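The next block holds one structure in the form of structure tokens; read it before the comments.
The values are calculated or read from the model by the stated rules, or taken from the named source; none is laboratory data. Remember, it's a predicted structure, so these values are computed and weren't measured experimentally. Every residue, glycine among them, receives a Cβ derived from its backbone with ideal geometry; neighbour counts consider all protein chains shown. Surface areas here come from the heavy atoms of the whole protein model, side chains and all, with no ligands, DNA or RNA. Shrake-Rupley method; radii C 1.70, N 1.55, O 1.52, S 1.80 Å.
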Amino acid sequence: MTTGPKMVISLVGTFVVSAVVVAAAGAVIAQHVERRQAATPSASPRALRWEAGACVRDSGPRYELAPCEDARAEVVAMAADPPGLGDCPDDTDDVLRVGQGRTACVRGRVAPHPGAPGAGGGVLRAGDCLAADGRERPCTPSGWYGKVVAVVTAASACPAGTVDALTLDDRATACLGAGGQVLAEGMCVARPPERVVDRSAIAAIPCASPGAWARVSSFDSAGTRCPKGSDRYLRARGAFRPVTCLSVLDD
């Protein structure tokens, strides 16, 4: 009667062998998983570089690169220092010098945008306002000289409807339309201190004002071309229309 015990011993032996095989397989799988985890590099934060798509934050007196979740502005383009005409997109809010002959064209991630037309900042473009010295100013307060209708490389390229132009540097000229202190025919001016003056010295004034001296009759390139009825003319240095022909109201 030895059959029963032999069978029991055989079953136990088979169970032990199976357990060992399963355990060994588990060890192999665990080692394989560990090796895969070790071979997979951990994610590293993106390096902060001055490039399009980088983010910046306002850090006191200057901007600095920052992770985008902590930033309020984004680099929309990189340009030379100084940037040339058209190097920065029109919607640029600020231009930052970053060294090595480069600038970063930056736009805020939320409104308001100082680079919006007439807001007083960003890249000069149509709709912005300028002081007589060529510096951009917000259009909301009074006192600006003229409103930009185009920015071109030279005054000769200004579009039709331009009534004045300011040369900003050797690469850009602002073409100005009517409005502000830009003179137009029929407007009145105060008497300047001399016949040859700077543009800013020819000040528009309401014709009903006691200080109104003369009415603008036309603009030309020479005083000899002023229309009949003109009493005087003024020559403005560097003006788009250098000669202002005038009919004197009270001399």
Pairwise FRET efficiency - L168 versus V110, Cβ, R0 = 41 Å, nearest 0.05:
0.85
Between R137 and D70, the two model label points (7 Å from Cα along the beta-carbon direction) sit apart by a distance in nm of 4.0
May I ask you to order 124-131, 85-92 by the average number of other C-beta atoms within 10 Å around their residues, highest value first?
124-131, 85-92
Using amide H atoms built 1.01 Å from N in the peptide plane, name the residues 5+ places from S218, or on other chains, whose amide H lies under 5 Å from its own.
C245
Just to check I understand the Karplus step: with θ = phi - 60° and J = 6.51 cos²θ - 1.76 cosθ + 1.60, what whole-Hz values come out for segment 217-224, glycine and proline as x?
9, 5, 10, 7, 8, 8, x, 5
Would you pull out the residues with amide H under 5 Å of L176's amide H, same chain only if 5 or more places away, H placed 1.01 Å from N?
V149, V163, D164, A165, L166
Phi to ³J(HN,Hα) by Karplus 6.51 cos²θ - 1.76 cosθ + 1.60 over segment 175-191, Hz, x for Gly, Pro
8, 10, x, 5, x, x, 9, 5, 6, 9, 4, x, 6, 10, 10, 7, 6
Pop out the carbon and sulfur fraction of the accessible area of segment 84-228 as a percent, whole number, probe 1.4 Å.
52
